[in-house]
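Student: Could you have a look at this structure, given as structure tokens, before my questions?
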Amino acid sequence: MLSRQMKDKIALATVWFAAAMTVGFLFWIIWYILSNGLQYVNWSFITSDYTRIGEESGIWPMIVSTIYMVIASISIAAPIGIMTAIYLTEYAKVGSRLVKVIRFCTESLAGIPSIIFGLFGMTFFVAVLGLGFSILSGALTLSILILPVIIRTTEEALMRCHKLTVKAHTALAHRRFTPSGS
């Protein structure tokens, strides 16, 4: 029978071996992609338009649409998430039914794989609402995906705000709802 220290050393060696294999495999993938694909990347490839035929096509429309999608999804999810977090930390009664429902929904959304969000967005926004394959459909789907993260991080940041800071802010004749904003 092996001693505890020996079992610990074997487990540690196994973990380090698995980590080294994973990192090595990652570096091999990166090297393979760069060695085979870097020769095709140039300024023309980045800035020219995409075409379905021919070898000369670029990725500029994809870069622009990605930027649009990120801006739109953050513009949709940030206000909703921040306002929800402010409500949960500043106004809602601790342990109330609404708070439990919001937290349950937030935790449930945080645990759903992104592929499910994609399927939901394609089914609901594209097919049911008829928005088609558009930046708006993608931004709405992505905003639902990032909403739990925004709510939880904002809520944690507001809960870390020291109570004396809130009292000092109130003592300076500010209304109750202003400690979160100015």
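Student: Between SER143, SER114, SER137, which is touching a Phe, Trp or Tyr at 6+ places or on another chain (Cβ under 7 Å), among the small types (Gly, Ala, Ser) and within 20 Å of MET69 (Cα to Cα)?
Tutor: Among SER143, SER114, SER137, only SER137 is touching a Phe, Trp or Tyr at 6+ places or on another chain (Cβ under 7 Å), among the small types (Gly, Ala, Ser) and within 20 Å of MET69 (Cα to Cα).
Student: From the set of residues in region 129-143 that are open to solvent by less than 50 Å² (accessible area, probe 1.4 Å) and closer than 29 Å to PHE104 by Cα, which is farthest from the chain's Cα centre (by Cα)?
Tutor: SER137
Student: Continuing with this model, one more query. With the structure loaded, tell me whether SER114 is under 22 Å from MET62 (Cα atoms), under 17 Å from the mean Cα position of the chain (by Cα) and free of Cβ contacts under 8 Å to residues at least 60 places away in the same chain or whether it fails that test.
Tutor: Against the criterion (under 22 Å from MET62 (Cα atoms), under 17 Å from the mean Cα position of the chain (by Cα) and free of Cβ contacts under 8 Å to residues at least 60 places away in the same chain), SER114 qualifies.
Student: Got at least one residue in region 114-128 being closer than 15 Å to ALA77 by Cβ and either in contact with an Asp or Glu (Cβ under 9 Å, 6 or more places away or on another chain) or hydroxyl-bearing (Ser, Thr, Tyr) (or both)?
Tutor: Within region 114-128 (the criterion being closer than 15 Å to ALA77 by Cβ and either in contact with an Asp or Glu (Cβ under 9 Å, 6 or more places away or on another chain) or hydroxyl-bearing (Ser, Thr, Tyr) (or both)), the answer is yes, since at least one residue qualifies.
Student: I would also like to ask the following. For region 50-66, state whether one or more residues are closer than 17 Å to ARG152 by Cβ and either loosely packed, with under 12 Cβ neighbours inside 10 Å or among the aromatic types (Phe, Trp, Tyr) (or both).
Tutor: No, because not a single residue in region 50-66 is closer than 17 Å to ARG152 by Cβ and either loosely packed, with under 12 Cβ neighbours inside 10 Å or among the aromatic types (Phe, Trp, Tyr) (or both).
The values are calculated or read from the model by the stated rules, or taken from the named source; none is laboratory data. Quick caveat, the model's predicted, so the values are computed rather than measured. Ideal geometry is used to build each Cβ from the backbone, glycine not excepted, and the neighbour counts take in all protein chains shown. Note: areas computed on protein heavy atoms with side chains; ligands, DNA, RNA excluded. Shrake-Rupley method; radii C 1.70, N 1.55, O 1.52, S 1.80 Å.
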